[in-house]
1. Using only Cα atoms, find the angle between the long axis of helix 228-245 and the longest principal axis of the chain, and express it within 0 to 90 degrees, rounded to the nearest 10.
2. Would you mind checking the tilt of helix 701-714 against the longest principal axis of the Cα atoms of the chain, expressed as 0 to 90 degrees and rounded to 10?
3. Can you list the HN-Hα couplings for the range 772-781, worked out from phi with the Karplus curve (6.51, -1.76, 1.60; θ = phi - 60°), rounded to whole Hz and with x for Gly and Pro?
4. Return a whole-number percent for the relative contact order of the chain, with Cα pairs under 8 Å and 6 or more residues apart as the contact set.
5. Counting only residues 5 or more places away or on other chains, whose amide H sits under 5 Å from the amide H of Arg746 once H atoms are built in the peptide plane?
6. Considering only the chain, what is the antiparallel percent among its DSSP beta bridges, to the nearest 5?
7. Give me, ordered by chain and number, the residues 5 or more places off Arg99 or on other chains with an amide H under 5 Å from its own placed amide H.
8. Which whole-number value in Å² is the accessible area per residue of the chain, probe 1.4 Å?
Amino acid sequence: MTPMLSQYFKTKDEYPGCVLLFRVGDFYEAYGEDAELISKDLEIVLTSKDAGEGRKVAMAGVPHFALDTYLHMLVGKGHKVAISEQVEDPKKVKGIVKREVMRVVSSGTILDPQMLDGKKNNYLASLLEQDGIIGLSLADISTGDFEATQYRIDISESISEELDRWRPSELIISPALASHASLSAYLASERIPCTVINELPDGAESEAILREHFGPSLRSGPELYQHESALRATATLLRYLRDTQKSTSLSLRFPRFFSRSEFVTIDATSKRNLELLETIMARERKGTLLWALDDTCTAMGGRLLRAWVVKPLVNHEEIERRLDAVQELMASWDATKKLRALLSKIQDVERLLSKCIFGTATGRDLLALLESANQIPSLKQLLAPFKSPLLVRLGRTDTLDGLRKLLEDSLHESPPATLREGNLIRDGYHSDLDELREIRRSAKDWIARMEERERERTGIKSLKIGFNQVFGYYIEITRTNLKMVPEDYIRKQTIANGERFFSPELKEYETKVLSADERIKNLEFEIFSGIREVAARHSQELQELSAAVATLDVLASFSVIAAEHGYCRPQIKEDRSLIITEGRHPVVERILGEPFVKNDVEFNENERMIIITGPNMSGKSTYLRQTALIVIMAQIGSFVPAQAASIGIVDRIFTRVGATDDLHLGQSTFMVEMLETSNIINNATERSLVILDEIGRGTGTFDGLSIAWAVAEFLNERTRCKALFATHFLELTMLAKAFPGIRNRRVAVKETRDEIIFLHKILPGSSDKSYGIYVAKLAGFPQEILQRAQEILEEMENEKKLHEKIPHRDEKYKQGPLQLTFFEDSPHPVIDEIRRINIMEMTPLQALNRIYRWQRSIDRFRNEGQGNPGSDSPGKTTRKERSLEKNS
């Protein structure tokens with residue numbers, strides 16, 4: 001192959017799994033299979049290049065100025081892209097230009113804000129397993145966020161649940177986890193690129209990697225060093241970033257170790273059912289709890305709110321600190337409005353800082369950083385009167401006076417989009433730059449002055465100074481005046497009517513003028529790079545500033561939402577109570593745009609479960625979800641949509657709301673429903689909130705009813721959690737008679753002659769109808785089907801044989817495994833007699849007579865509707881039967 005293609009494919013071998021883009025002049029080019037791939041995915045022309053000895057190789061390329069656009073497209077399709085730059089000046093090199101891969105861009109290592117969702121973190125995650133313990137580390141190099149944890153594998157809990165909380169864009173895992181079934185399914189469903197790392201650092205090497213990056217002084221303090229699995233996952237992630245980004249300069253805070261017990265556990269199913277981040281059907285942001293709570297002014301605030309929504313707190317004091325701040329912001333409304341006006345002028349400081357550290361920030365980026373930092377003094381002044389501890393702490397943010405002055409003094413007021421066009425630095429900041437600019441501006445005046453001076457010195461009135469692209473500046477003398485040319489003129493070119501000369505002075509000025517523009521651009525870039533490095537050295541102050549701005553933005557957003565929609569401050573308690581007065585659904589009431597029917601919820605230490613019955617479309621599911629959402633809102637520090645609320649802190653929230661087939665795992669709807677319910681049974685605690693919307697619908701009536709009954713008993717008696725249980729099995733309402741901790745509630749319905757009106761009000765008691773046929777009518781069923789369905793329903797209700805009595809329950813199950821018998825009739829006398837018979841003492845004829853009598857007894861029992869068997873009861877024999885038995 002040609003030398004350049006040999007260089008390309010050698011580099012390609014060093015970066016397996018990457019699309020390699022080679023800088024060639026003003027283009028980035030790919031060859032061979034990579035060329036065919038980018039031609040297809042980017043919809044660009046596929047051509048060919050001479051590969052030597054008459055061979056051709058496929059080639060495709062993109063202009064250097066459009067690289068970011070095409071990178072976005074390739075990474076969006078799940079590709080890793082290795083970018084190889086020319087590290088030598090082609091004009092100064094003979095032969096092949098040296099090239100090096102300067103960076104590998106993947107889903108988890110994107111820096112360009114235009115390629116990222118401003119209100120969503122872009123996490124790269126590292127996951128490994130060691131001796132049954134999972135180590136997890138997550139980093140967003142665009143913001144500096146860095147987290148780590150570890151936990152023991154629980155066979156009843158999927159590894160993917162923790163990943164779903166963070167939603168990483170890319171994952172690196174250990175070989176032991178590469179074949180994990182549920183993890184593989186999760187990665188496939190979410191389309192998350194995954195890289196298997198075969199060589200993992202041990203504990204000592206992991207510590208060395210962190211010390212190298214963050215400094216040895218941090219060894220003794222951080223909790224991360226006390227958790228080996230989390231430490232190794234973190235080191236693996238850092239090493240991966242070092243290898244792919246080709247730099248140790250990463251905008252990352254020291255990783256914060258966290259315990260999963262710090263937050264409310266909300267599994268992926270519950271997060272989806274409650275529509276916290278995206279709607280179930282359309283997977284859109286609008287219609288979610290995040291959408292309803294997000295009135296943030298900054299990208300940093302939007303990202304923080306998203307994190308809070310999926311990680312509600314369990315720490316009572318921290319929740320109260322947030323609520324105190326929201327309440328004070330609401331009470332100081334004028335100040336809050338001014339705060340939000342200032343916040344709206346603050347750009348994405350976290351991602352601007354990352355670009356400074358990586359050396360990709362432009363003049364416009366630093367100008368945005370300056371504009372953001374300029375708001376801090378006014379913010380501090382507005383926060384000064386506030387008393388709540390959280391707002392006081394936020395008011396202590398550094399004003400960055402030194403950095404602000406540097407940027408104000410140095411940056412041009414209108415810098416270009418790129419770094420090689422000039423106009424980056426303000427006039428008067430750098431003397432050499434000012435001199436070069438003066439030369440460029442005064443070139444015409446200088447030439448005119450020299451021309452006049454030379455005419456007077458030589459006496460040649462027709463002398464003129466000109467310029468062309470080939471010869472540069474010249475002094476032109478006509479043929480008749482050649483004898484007057486001074487000795488210091490050097491002949492440059494002969495023309496038809498004279499000759500052209502240059503002087504040492506003119507040559508020196510030509511060199512100065514012609515190189516001034518290029519020298520200006522190079523000097524501006526050099527000065528700007530130094531300023532950018534100074535900004536990067538303020539990373540700690542800028543990270544603290546961005547964290548304070550984000551927190552203030554979220555709290556101010558909570559205050560605005562609460563004021564506009566009439567939310568109340570919840571009382572946070574340590575007990576297991578949950579009392580909501582006139583609660584509303586925070587999303588539904590916003591979307592409906594009409595008065596929302598308010599409902600109460602009440603749980604205490606002794607009343608733990610509410611059985612809710614009522615027709616479809618009557619509001620049961622809304623009632624269930626709004627209860628969970630109000631709890632989540634309270635524990636993230638937000639006011640809640642209710643007249644009053646007292647929230648006992650919950651540790652986990654579980655929902656079982658609807659189910660669909662999971663075809664790729666070969667699971668039916670009912671199997672999915674049972675798996676979700678099993679997860680609840682195995683993981684719920686007495687401090688959990690459980691939402692159950694229909695259990696047992698996917699199987700036979702008696703199977704489904706039996707399962708629903710058993711689950712309700714178990715949660716109430718064994719788990720003792722707070723549970724809202726909506727059902728169409730009206731038989732479940734009998735649970736309230738057997739268990740003092742269970743109460744019945746129904747959805748109010750108003751019936752008229754022509755229609756049924758769902759009032760959406762939850763009242764005490766239980767429903768006696770399901771109104772399914774009426775819902776079918778609303779759906780547009782033909783009248784013929786509706787009429788026939790009504791006839792069948794009436795017949796079935798008339799023939800219903802189920803006893804309305806509580807199933808037999810073994811009282812000992814409270815101390816041991818749960819084993820129940822469901823809907824068993826009272827023991828029949830025949831069965832009792834069979835149990836008492838001593839078969840070894842009976843003759844064959846006696847046995848036949850006894851069987852004959854049992855048959856008559858059972859027939860009579862059925863004919864009389866399970867009444868008293870009377871004279872033909874098994875315990876009595878007729879005179880004829882006694883005679884037969886005696887003769888036998």
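1. That works out to roughly 40 degrees.
2. Result, in degrees: 80.
3. Couplings: x, 5, 5, 5, 4, 5, 4, 7, x, 5 Hz.
4. 9
5. Thr613, Leu763, Gly765
6. 65
7. The list, which skips near neighbours in sequence, is Val87.
8. 49
The values are calculated or read from the model by the stated rules, or taken from the named source; none is laboratory data. All of these numbers come straight from a predicted model, not from anything done at the bench. Heads up, the Cβs are rebuilt from the backbone with ideal geometry, glycines too, and the neighbour counts pull from every protein chain shown. Keep in mind that these areas ignore ligands, DNA and RNA; they rest on the heavy atoms of the full protein, side chains included. Shrake-Rupley method; radii C 1.70, N 1.55, O 1.52, S 1.80 Å.
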